[in-house]
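Visitor: Input: one structure, supplied below.
Just so it is clear, none of the values below were taken in a lab; they were calculated from the coordinates. All of these numbers come straight from a predicted model, not from anything done at the bench. Note that we place each Cβ from the backbone using ideal geometry, even for glycine, and neighbour counts take in every protein chain shown.
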Amino acid sequence: MGKLEAKNIEKYFKHDGKQLKTLDGINLNVNDGEFVCIVG
């Protein structure tokens, strides 16, 4: 297990009245001493 752990991340947006899944089951594990930058 890392210092930071995220499991099964999902993100939805509405587009033209419909639900759009943009992230599906994303996992992230950051260990001690690692550097992570998330942009978007």
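Visitor: How far apart, in nanometres, would the label points at residue 7 and residue 28 be if each is projected 7 angstrom from Cα along the Cα-to-Cβ direction?
Guide: 1.7
Visitor: Work out, step by step, the length gained on full extension between residue 14 and residue 35: first 0.36 nm times the residue separation, then minus their alpha carbon distance; give nm to one decimal.
Guide: Between residue 14 and residue 35, full extension yields an extra 4.3 nm.
Visitor: Within a 10 angstrom radius of the beta carbon, how do 36, 30 rank from fewest other beta carbons to most?
Guide: Ordered from fewest to most neighbouring Cβ atoms within 10 Å, 36, 30 come out as 36, 30.
Visitor: Rounded to whole Å and ordered largest first, report the semi-axes of the equivalent ellipsoid of the chain derived from its Cα gyration tensor (root of 5λ).
Guide: 28, 11, 5
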